[in-house]
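Single-structure report; data block below.
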Amino acid sequence: MPFTQKHLLGLEGLPAEEILYVLDTARSFVEISERDIKKVPTLRGKTVINLFYENSTRTRTSFEIAAKRLSADTINISASTSSAQKGETLADTARNLDAMRPDAIVIRHPSSGAPALLASAVSSAVINAGDGAHEHPTQALLDLFTIREKKGRIEGLEIAIVGDILHSRVARSNLHGLRALGAKVRLVGPPTLLPADAESFGATLFHDLRKGVAGADVIMMLRIQRERQGAHFFPTIEEYSRLFGLGPEAVALAKPDVIILHPGPMNRGVEISSEVADGPYSLILDQVTNGVAIRMALLYLLAARGRSDGEERGA
Ligand code: CP
């Protein structure tokens, strides 16, 4: 099945065939980044705007690199240097950017639903680069890609997602994607950091790290999202780290060929030890490399299609 979406706002409801189509398309783009001259003319004449209302290292850089490797023109806008600082609403910003006829807008925003609002106001494709605690679909796609590259499949794998699930858009997008592709997902963390509806995703809950990672094929560690926590969800960072920080002893309980993922940025010594983060099971930097291929694939699938001027917005 080809990719039928006009936007990528989340992985919720995205059919498995379309997820796999993105992963297969990304596979075909990997080789471009391994060349001496890392550029193809695929998106020549197209314009991509990166609109970031939150900080980012990996996502923003890899979207910019992906667009440039496809020969698109890219513009980066940060909230701190935009007219958002003067009180302009997101809807007005969207209309003004759309008037310059971009082909894709990549948005990161602290509010859940901001990419959907943008998509309803513009004729370009919109890609969600992370909205509040809602979704981070391109991160989940690169995680799925990384798992499939290493394991050869996703269906039937035991995948432990560990940490601050409640505030994690990465976890939510991964839950949707992993479920669609038939993985067995475990959510591991203190009860206060697991969402009330976690079991409705078909996941198994664990409040003990050692039990949660025992026999796992993949361990996906999450950062404690202190910027999204309005209350105290655990007594101290030291206690959290003692109970849920991933060290070599816990890794030894997983399958012998376990892989360790982390979306970054990492809090070394809090949710993951340096020994594990830099150790032989870690694919954390492979995730970053694969992020470029996934974002090239998405820009190719969405920006190449052309704007929907004259059609109903957001359709
Ligand atoms: N994984 C991720 O979204 O990282 P950045 O915040 O650096 O983009």
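Things to note:
- MRE, 222 nm, helices only [DSSP H, n ≥ 4, -39500 (n - 2.57), over the chain, to nearest 500]: -10500 deg cm²/dmol
- Checked against a 29 Å cut-off, the cross-linked pairs K6/K68; K151/K211; K38/K184; K68/K150 give Cα-Cα distances beyond that limit for K38/K184.
- Computed log₁₀ I(q)/I(0) - Debye formula, equal Cα scatterers, no solvent, the range 86-198, q 0.17 Å⁻¹: -0.86
- Relative intensity of the range 112-160 on a log10 scale, I(q)/I(0) at q = 0.25 Å⁻¹, equals -0.89, per a Debye sum over C-alpha point scatterers of equal strength in the absence of solvent.
- Converting the Cα gyration tensor eigenvalues of the range 63-138 into ellipsoid dimensions via √(5λ) gives semi-axes, longest first, of 19, 16, 13 Å.
- With only Cα atoms counted, the chain has Rg and Dmax values of 19.3, 59 Å.
- The alpha-carbon of K255 sits under 12 angstrom from the alpha-carbons of these aspartates and glutamates, leaving out residues fewer than 8 places away in its chain: E158, D217.
- Gap separating the Cα centres of the range 118-162 and the range 1-44, nearest whole Å: 12 Å
- Solvent exposure of the chain amounts to 42 Å² per residue of accessible area, where only protein heavy atoms count and the probe is 1.4 Å.
- Surface/4 of the Cα convex hull for the range 1-127, nm²: 8.4 nm²
- When a 1.4 Å probe is rolled over the protein heavy atoms, the share of accessible surface on the chain that falls to carbon and sulfur comes to 50 percent.
- Rg(Cα)/(2.2 N^0.38 Å) for the range 157-234, N = residue count: 1.01
- Percent of C-alpha pairs per 5 Å bin in the range 172-315, short distances first: 2, 8, 15, 18, 19, 14, 9, 6, 4, 3, 1, 0.
- 0 to 90° range, to nearest 10: angle between helix 169-180 axis and the chain longest Cα axis: 90 degrees
- Peptides 250-261, 140-151 ordered by average Cβ neighbours within 10 Å, highest first: 140-151, 250-261
- Rel. contact order, % - alpha carbon contacts under 8 angstrom, at least six apart, the chain: 21 percent
- Against the empirical curve 2.2 N^0.38 Å, the C-alpha radius of gyration of the range 239-315 lands at a ratio of 1.68.
- Note on the range 169-193 and the range 228-278: Cα centroid distance 16 Å, given to the nearest whole angstrom.
- Burial ranking of peptide ranges 31-40, 122-131 (average Cβ count within 10 Å, highest at the top): 122-131, 31-40
The values are calculated or read from the model by the stated rules, or taken from the named source; none is laboratory data. Note that this is a predicted model, so its numbers are computed, not measured. Neighbour counts run over all protein chains shown; Cβ positions are idealised from the backbone, glycine included. Surface accessibility is based on the protein's heavy atoms, side chains included, excluding ligands, DNA and RNA. Shrake-Rupley method; radii C 1.70, N 1.55, O 1.52, S 1.80 Å.
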